[in-house]
Amino acid sequence: MSARSEPGLLTAPATPRPLPPLGPTRRLKVPRQTERTLDSGLTVIVVRRPAVPLVELRLWMPFGQAQLARGHLLAQTLLSGTETMSSVQIAAELQRIGGGLSAGLDPDRLMISGAGLATGLDRMLEILGEVLTGASYPAKWVAVERDRLVDGIQVARSQPAHLARTALLKRIYGRHPYAVQTPNPEQVSAVRPAALRTLHAQRVHPAGAVLVLVGDVRPERALDAAEKALDGWNGAGHTADLPPAPPLEPGPLLLVDRPGSVQSSMRLALPAVPRTHPDHAALQLANLIFGGYFSSRWVENIREDKGYTYGPHSVVQHSVAGSVLLAAAEVATEVTAPALVETTYELGRLATVPPTSEELEQARQYALGTLQLGISTQAGLASFVSAYAGSGLRLDFLPEYAARLAKASAADVAEAAARYLAPSRAVTVVLGDAERISASLATLAPIDTVPVPS
Amino acid sequence: MPTRRARIPATRYPVERFTLDNGLRVVLIPDRSAPVIGVAVVYDVGIRSEPEGRSGFAHLFEHLMFQGSENLEKLAHFRHVQGAGGTFNGSTHLDYTDYFETLPSNALERALFLEADRMRGPRLTEENLRNQVDVVKEEIRVNVLNRPYGGFPWLTLPPVLFDTFPNAHDGYGSFGDLESATVADAADFFRHYYASGNAVLAVSGDIDTAEAVTLIERHFGDVPARPAPTRPDFAEPDLRAERRTSYTDQLAPLPAVASAWRVPDPVDDFAAYLPYVVLAEVLTDGDASRLVERLVHRDRAVTSVGGYLGFMGDPFDVRDPTALLLQSHLPPGGDIDKVLRTVDEELDRLATDGLTDGELARTQARMATHLLRETDAVLGRALKMAVLEQQRGEPGLLGELPRLVGEVTDEQVRAAAATLRPERRASVEVIAGGAR
């Protein structure tokens with residue numbers, strides 16, 4: 001045991017030890033991709049990363065403007081059977097190759113994702129092809145999944161994070177299709193299997209779709225396998241363009257009254273730009289400095305200094321129709337207004353005073369380092385490639401983005417902060433117990449109070 | 001004709017182990033395929049070791065380990081990791097507490113410095129303690145009090161299955177216990193449990209082994225030697241009669257139920273334990289599994305069912321006593337008795353008739369994928385191997401798991417199913433207080 005003092009009660013070391021410097025910066029290592037566009041219009045991208053003997057699969061197809069309840073139920077029943085296979089058979093056949101597939105929906109896309117043993121890639125693609133061309137939406141399974149989806153929506157509606165997000169989306173997007181992203185139980189209950197078959201015929205098509213395969217595979221072989229297995233998946237079908245998202249309209253703070261809440265869910269939306277926009281790198285750095293990572297002003301203020309909250313976080317989210325910066329914190333009910341004061345203060349400070357060079361370098365290193373970390377697993381790489389493809393980008397954009405991050409100056413970041421992080425541009429929603437928080441919130445801003453949706 | 005089974009592949013990460021003079025055990029897992037590293041320090045103390053009247057203390061103390069140390073001011077740890085392009089966290093489990101970073105590989109020495117510095121001693125101050133008590137209370141509100149099914153079943157089932165404080169109590173802690181924690185408690189806790197002899201350091205990824213050894217000796221070599229405390233025996237007898245309890249969750253819109261059965265000692269009797277890990281997957285992994293097919297699709301008695309080993313869900317990082325859990329969410333007005341009866345029926349059927357052709361092999365193939373996928377992340381390897389070293393002295397087990405899972409036999413799974421009798425079962429039922 002140390003003779004200096006008791007462990008655990010140290011205040012300062014007898015001899016300070018210096019922080020070791022970082023080693024030479026490793027150049028960003030970007031894996032090579034191989035790509036082929038099939039006659040059907042499907043783009044297939046393969047990246048070899050043989051770290052573990054698995055393969056990751058991501059397939060998305062444009063699905064904007066699809067009727068919400070039908071779209072969600074289609075995602076939930078896409079793997080429920082074909083002419084030749086039941087749902088149980090599909091699941092069992094996938095399991096046999098260590099595989100699994102699942103489908104999900106966002107306002108832009110239908111996404112099928114999964115992973116399996118690399119030796120089972122051909123079989124996984126075959127099953128995928130069979131589902132894409134022959135999903136039959138058996139009435140019995142649709143009925144079960146319909147009820148499960150309704151139950152799932154009920155559970156989601158009991159969660160404050162979901163309720164806050166729902167209110168925020170509606171407030172931000174107004175009449176845009178992004179405004180409502182969860183169907184009503186009643187709408188779901190009304191969906192019949194025939195409607196799913198129709199929607200499938202209209203929208204589940206390869207044109208504009210992107211399939212990403214990452215793992216312990218030989219790229220040319222994987223491209224051939226995909227081409228062969230998805231040969232029968234054809235037809236351009238129906239497409240629907242999304243209108244651009246409307247600009248944010250600041251206004252009164254929207255207070256969603258959830259009586260009995262022991263915390264308030266605070267959400268702020270701010271303007272943002274897409275990945276390719278010249279301001280994007282500077283905006284990302286400004287966002288990090290504000291609240292985008294733990295060592296940000298917002299987290300250090302409302303968590304580490306004041307203890308108002310556990311996990312405040314802000315992030316730039318990209319969708320086809322537009323990008324938005326979202327900041328979220330669950331704060332103790334009694335400090336809801338003070339937490340909003342600090343949030344507005346930190347936004348305003350960054351929008352009006354340039355960051356210090358230490359702050360900027362720290363955020364820059366984090367942005368660059370986590371790019372590399374994010375693509376260092378098969379699953380991370382697959383999701384990254386798939387998301388990039390969603391913005392029309394390929395991995396070769398990554399070094400360019402890194403270069404933009406590397407050269408953004410403090411002035412660039414200050415300018416981006418003034419443009420995008422100004423509190424005057426924020427849309428603010430708070431979900432909480434109005435009886436306990438509305439009076440103090442009203443001292444800060446005009447308030448519209450609405451009841452929590454039932 | 002029996003179905004051909006997929007060959008279960010393996011990965012062989014080379015593993016180096018050594019122990020410093022101060023008792024710190026070290027595991028190195030080099031892999032130069034990406035320029036990133038994972039660093040994990042695991043201390044052999046968890047929720048089960050916190051004293052009565054100090055529920056939640058192991059977790060609160062984990063927070064305090066981030067509040068500055070010998071050479072580091074408050075906030076410095078976060079800034080140094082993230083300013084090197086890395087990410088960090090810590091987590092508190094039943095039997096251990098881990099601290100970890102993922103970083104670009106040029107930050108290896110910095111990460112070692114940061115971990116060694118807090119192993120020598122965190123800065124425990126009244127101000128930091130009060131601040132982190134507030135933060136932890138908000139964490140509990142987010143994860144337990146302000147959401148439906150908060151703490152279900154990991155906090156609500158142990159007190160049904162177990163009788164002693166270490167195994168049964170709420171690991172997040174009561175607000176009263178958290179608020180009464182003192183700096184002196186924290187200093188004692190550190191002195192007792194955060195000893196070099198009670199810790200394992202694991203480093204994985206883009207490292208040169210010889211260089212890593214030199215750096216580890218440089219930074220950890222003079223951490224004062226303190227021996228590991230004797231680990232108390234947390235054993236409890238198995239149940240001899242069914243236990244069942246219920247509570248109303250005011251936010252929950254639908255009923256739910258979870259059951260637990262004791263299983264063999266995961267460390268001392270691994271061969272007997274492993275079939276239970278496979279059994280949980282046979283029962284609940286995907287649409288082709290027994291309970292999903294029966295309860296979700298045929299009977300429509302539940303909207304979801306899941307099965308797993310250990311209250312915190314990782315079968316290979318927990319010691320005895322532990323359990324196999326099954327949990328279900330029910331549709332509105334669902335019949336919990338019927339669900340429990342059907343589970344018994346399916347377990348009987350499995351124990352009596354055995355598995356169908358190919359059922360075991362496909363489940364094992366899927367489990368192999370899950371295991372391999374977890375080890376693909378550089379940090380996943382460091383964390384899991386650190387715990388395997390700590391609890392078993394066998395970090396290389398991680399690479400063996402897909403094969404060992406694949407060697408479990410039909411007969412072993414049947415025998416495991418046969419032990420999950422209603423009289424050995426503890427269940428907790430969530431009454432949907434938020435049903436509309």
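The values are calculated or read from the model by the stated rules, or taken from the named source; none is laboratory data. Nothing here was measured: the structure is a model prediction, and the numbers come from that model. Virtual Cβ from ideal backbone geometry, glycine too; neighbours counted across all protein chains shown.
Values computed for the structure shown
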quantity: Any helices (runs of 4 or more DSSP H) falling wholly within segment A:131-212 and containing at least 1 residues that are closer than 22 Å to A:Asp108 by Cβ and of a type in the set (Phe, Trp, Tyr); calculated: A:160-173
quantity: Strands (runs of 3 or more DSSP E) wholly inside segment A:13-69 that include at least 1 residues being away from chain B (no Cβ under 14 Å) and of a type in the set (Phe, Trp, Tyr); calculated: A:54-62
quantity: Subset of segment B:145-154 (residues that are surrounded by 18 or more Cβ atoms within 10 Å (Cβ to Cβ) and either within 14 Å of chain A (Cβ to nearest Cβ) or touching an Asp or Glu at 6+ places or on another chain (Cβ under 8 Å) (or both)); calculated: B:Asn146, B:Arg147, B:Pro148, B:Tyr149, B:Gly150, B:Phe152
quantity: Count of residues meeting criterion [under 18 Å from A:Val262 (Cβ atoms) and either surrounded by fewer than 16 Cβ atoms within 10 Å (Cβ to Cβ) or within 14 Å of chain B (Cβ to nearest Cβ) (or both)] in segment A:440-450; calculated: 1
quantity: Options B:Thr322, B:Thr363: the member that is among the polar types (S, T, N, Q) and within 14 Å of chain A (Cβ to nearest Cβ); calculated: B:Thr363
quantity: Elements of type helices (runs of 4 or more DSSP H) in segment B:313-415, at least 3 residues being within 21 Å of B:Leu201 (Cα to Cα); calculated: B:359-376, B:378-392, B:397-407
quantity: Some residue of segment A:369-385 being more than 14 Å from every other protein chain (Cβ to nearest Cβ), in contact (Cβ under 8 Å) with a residue 12 or more places away in the chain and not charged (D, E, K, R); calculated: yes
quantity: Residue, nearest to the chain's Cα centre (by Cα), within segment A:79-121, restricted to residues that are under 23 Å from A:Val214 (Cα atoms) and assigned to a loop (DSSP other than H, G, I, E, B); calculated: A:Asp106
quantity: Flag for B:Leu291 being buried (at least 22 other Cβ atoms within 10 Å of the Cβ) and either touching a residue at least 60 places away in the same chain (Cβ under 8 Å) or touching a Lys or Arg at 6+ places or on another chain (Cβ under 7 Å) (or both); calculated: no
quantity: Residue in segment A:68-77 that is surrounded by fewer than 20 Cβ atoms within 10 Å (Cβ to Cβ) and either of a type outside the set (Lys, Arg) or over 25 Å from A:Glu220 (Cβ atoms) (or both) present; calculated: yes
quantity: From the options B:Ala210, B:Ala228, B:Ala235, residue that is under 30 Å from B:Ser33 (Cα atoms), of a type in the set (A, V, I, L, M) and surrounded by fewer than 19 Cβ atoms within 10 Å (Cβ to Cβ); calculated: B:Ala210
quantity: Number of the exception - A:Leu110 against (1) surrounded by 21 or more Cβ atoms within 10 Å (Cβ to Cβ); (2) within 14 Å of another protein chain (Cβ to nearest Cβ); (3) under 30 Å from A:Pro50 (Cβ atoms); calculated: (2)
quantity: Checklist (1) under 19 Å from the mean Cα position of the chain (by Cα); (2) crowded, with 23+ Cβ neighbours inside 10 Å; (3) within 12 Å of another protein chain (Cβ to nearest Cβ) applied to B:Asp98, failing item; calculated: (3)
quantity: Number of the exception - B:Asn128 against (1) over 19 Å from B:Val183 (Cβ atoms); (2) facing chain A (nearest Cβ under 10 Å); calculated: (1)
quantity: Which listed residue, of A:His238, A:His277, is more than 30 Å from A:Ala332 (Cβ to Cβ), assigned by TED's automatic domain parsing to the domain that holds A:Ala414, not in a helix (DSSP H, G or I) and not polar (S, T, N, Q); calculated: A:His277
quantity: Pairs where the first residue, in segment A:35-46, is in contact (Cβ under 8 Å) with a residue 24 or more places away in the chain and surrounded by 16 or more Cβ atoms within 10 Å (Cβ to Cβ) and the second is in a strand (DSSP E or B) and of a type in the set (D, E, K, R), C-beta under 6 Å, 6+ apart; calculated: A:Val44/A:Arg36; A:Ile45/A:Glu35
quantity: Any chance A:Leu74 is under 30 Å from B:Thr11 (Cβ atoms) and in the same structural domain as A:Ile153 (by TED's automatic domain parsing); calculated: no
quantity: Helices (runs of 4 or more DSSP H) contained in segment B:152-233 and holding at least 1 residues over 17 Å from B:Leu64 (Cβ atoms); calculated: B:158-161, B:165-168, B:175-179, B:209-220
quantity: Any hit, segment B:191-214, residues being without any contact (Cβ under 8 Å) to a residue 24 or more places away in the chain, out of contact with any strand residue (DSSP E or B) (no Cβ under 8 Å at 6 or more places or on another chain), assigned by TED's automatic domain parsing to the domain that holds B:Gly53 and farther than 30 Å from B:Asn106 by Cα; calculated: no
quantity: Lone unmet requirement of (1) acidic (Asp, Glu); (2) within 17 Å of B:Asp185 (Cα to Cα); (3) in contact with a helix residue (DSSP H, G or I) (Cβ under 6 Å, 6 or more places away or on another chain) for B:Glu109; calculated: (2)
